[in-house]
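Visitor: Right, I'll just put the structure down here and ask away after.
The values are calculated or read from the model by the stated rules, or taken from the named source; none is laboratory data. This is a predicted model, so every value here is computed, not measured. Cβ placement follows ideal geometry from the backbone for every residue including glycine, while neighbour counts extend to all protein chains displayed. Ligands, DNA and RNA are excluded from the accessible area calculation, which covers all protein heavy atoms including side chains. Shrake-Rupley method; radii C 1.70, N 1.55, O 1.52, S 1.80 Å.
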Amino acid sequence: MSDRKLPLRTKFATSLTRSAAALSRATGRGDGSVIGGRIGLMVDPQLLANLAAGRQIALISGTNGKTTTTRLTAAALGVLGDVATNSLGANMPTGHTSALARAGHTPYAVLEVDEHYLAQVLRATTPQVVALLNLSRDQLDRAKEVAMMAALWRETLADSAVHVVANADDPMVTWAASVAKAVTWVAAGQRWHDDSWVCPSCGSHIERSGDEWWCTACDLRRPIAQWAVRDGGVVDPTGEFHEVHLQLPGRVNRANAATALAVAAHFGVPVADAVPRLGAVTSIAGRYATVVRDGRTIRLLLAKNPAGWLEAFDMAEDAPTLLSINARDPDGLDTSWLYDVDFSPLRGRQVLVTGDRAMDLAVRLEVNEIPFAHVSTFGQAVFAVPAGRL
């Protein structure tokens, strides 16, 4: 829907959204993604739905990897035309509204969606595709229990005609997606199993052998995947292998790339055309960035829950490692989840800790018998390690 076809209230709300966001950026209060959308929705409660109308939209949701997969999907879909996206991670309706208003008219949009808001955003935007990445414990002081979130997704998808791209290796995601009218399964992997040993359907034990998993009492089991990650590349539904060269580290990002390719293919993007665009994606809202400081080359990795830390350790080089943890309101105030993280991969390397809740982390490392040193600032950490990688 072009701007000139928008209702008058929507045009006014869109203008306010853009202005508020621009003012927020100009005054250094943030990128404006939240405040702009909040003001716009106050003026026009239907603003998100009106801005979404006329676009072909993909939604990306899950506990981990949403921002990265959204960025990769937007890059792949860019083969077809301009794509609106909330690339900085403002993943609630206010952020979606601000992103669409800022982009103006585009034929496509790829939106990262907080898993709690999937039902609301799906209703408002009527997407062509929803991608479901994974479900695990996250922000325990305010998030739903994992099986409850899976049940909410399942209820949402049962009442929708949307096409779903889902992770076949996550039992929670598989159960939620299995009621959808059409599903494309991706073998995206699942290294963190501690939230999916119990069947969400019947409560019985889930058994695993290699890549396969199944419930020991009901018919829930790993579906046959059409897309898979293999040997540094991706296998598409025809069985053709595509070598994928990413600037993002780790197997988890190859899995994110496979999901992005599967979503883009549903819109008609040839895989061979999409793959090179994935390789052009570097830092995602600061995560995975590499910076050089005082002779040290520093890779930044973000993790916010046990599953994410497990993947971060897989991506981190065998080099001196600084662990920094905060627990402020946007991130969740509870740090007890640190006891679900296995820090043993850090043994044998120099480990430093810092951040608002560094002492919580220090106690956890003591339990894991990981030697460490506390530093008060990032600058102290840089000078505490030899020149080279951090």
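Visitor: Of all residues in segment 323-342, which are touching a residue at least 40 places away in the same chain (Cβ under 8 Å), open to solvent by 40 Å² or more (accessible area, probe 1.4 Å) and not in a helix (DSSP H, G or I)?
Guide: Ser324, Leu333, Asp334, listed by residue number.
Visitor: Are there any pairs, at least 6 apart or on different chains, whose C-beta atoms fall under 8 Å, with the first in segment 5-16 and open to solvent by 100 Å² or more (accessible area, probe 1.4 Å) and the second part of a helix (DSSP H, G or I), and if so, which?
Guide: Arg9/Val43; Phe12/Val43
Visitor: Mind checking which pairs have a first residue in segment 179-196 that is more than 23 Å from Val234 (Cα to Cα) and a second that is modelled with pLDDT under 90 and surrounded by fewer than 22 Cβ atoms within 10 Å (Cβ to Cβ), Cβ under 7 Å, 6 or more apart or different chains?
Guide: Going by the 7 Å Cβ cut-off, the qualifying pairs are Asp195/Arg137.
Visitor: Do we find that Ala22 is part of a helix (DSSP H, G or I), open to solvent by less than 70 Å² (accessible area, probe 1.4 Å) and without any contact (Cβ under 8 Å) to a residue 24 or more places away in the chain in this structure?
Guide: yes
Visitor: Looking only at residues in segment 347-389 that are charged (D, E, K, R), over 17 Å from Phe313 (Cα atoms) and in a helix (DSSP H, G or I), which one is least open to solvent (accessible area, probe 1.4 Å)?
Guide: Within segment 347-389, the match that is least open to solvent (accessible area, probe 1.4 Å) is Asp360.
Visitor: Can you pull out every residue in segment 79-108 that is open to solvent by 10 Å² or more (accessible area, probe 1.4 Å), free of Cβ contacts under 8 Å to residues at least 60 places away in the same chain, of a type in the set (Gly, Ala, Ser) and outside any helix (DSSP H, G or I)?
Guide: Gly81, Ala90
Visitor: Out of segment 202-213, which residues are over 28 Å from Ala264 (Cα atoms), touching a strand residue (DSSP E or B) at 6+ places or on another chain (Cβ under 8 Å) and open to solvent by less than 70 Å² (accessible area, probe 1.4 Å)?
Guide: Cys202, Ser204, Ile206
Visitor: Here's a follow-up. Looking for something within 16 Å of Leu48 (Cα to Cα), in contact with a Pro (Cβ under 7 Å, 6 or more places away or on another chain) and surrounded by fewer than 19 Cβ atoms within 10 Å (Cβ to Cβ) - is there at least one such residue anywhere in segment 116-124?
Guide: Yes - at least one qualifying residue is present in segment 116-124.
Visitor: Related question: Does Val34 satisfy the condition of being surrounded by 15 or more Cβ atoms within 10 Å (Cβ to Cβ), touching a Ser or Thr at 6+ places or on another chain (Cβ under 7 Å), more than 25 Å from Arg277 (Cα to Cα) and not small (Gly, Ala, Ser)?
Guide: yes
Visitor: Also: When segment 179-192 is examined, which residues are found to be exposed (fewer than 15 other Cβ atoms within 10 Å of the Cβ) and farther than 18 Å from Arg154 by Cβ?
Guide: Arg191
Visitor: Looking at Ala76, Ala58, which one is within 26 Å of Gly189 (Cβ to Cβ), assigned to a helix (DSSP H, G or I) and at pLDDT 95 or above?
Guide: Among Ala76, Ala58, only Ala76 is within 26 Å of Gly189 (Cβ to Cβ), assigned to a helix (DSSP H, G or I) and at pLDDT 95 or above.
Visitor: When you go through Leu278, Leu310, Leu302 one by one, which is the residue that is under 30 Å from His242 (Cα atoms) and free of Cβ contacts under 8 Å to residues at least 24 places away in the same chain?
Guide: Of the residues listed, the single one that is under 30 Å from His242 (Cα atoms) and free of Cβ contacts under 8 Å to residues at least 24 places away in the same chain is Leu302.
Visitor: Given the conditions (1) touching a residue at least 40 places away in the same chain (Cβ under 8 Å); (2) under 15 Å from the mean Cα position of the chain (by Cα); (3) buried (at least 22 other Cβ atoms within 10 Å of the Cβ), which single one is not true for Pro171?
Guide: Unmet condition: (2).
Visitor: For the list (1) over 30 Å from Pro276 (Cα atoms); (2) in contact with a Leu (Cβ under 9 Å, 6 or more places away or on another chain); (3) open to solvent by less than 80 Å² (accessible area, probe 1.4 Å), I need the number of the one condition that Trp227 fails.
Guide: So Trp227 meets the others, but not (1).
Visitor: Here is a follow-up. Does segment 286-307 hold any residues that are surrounded by 18 or more Cβ atoms within 10 Å (Cβ to Cβ) and either of a type in the set (Asp, Glu) or under 20 Å from Ala90 (Cβ atoms) (or both), and which are they?
Guide: Tyr288, Ala303, Asn305
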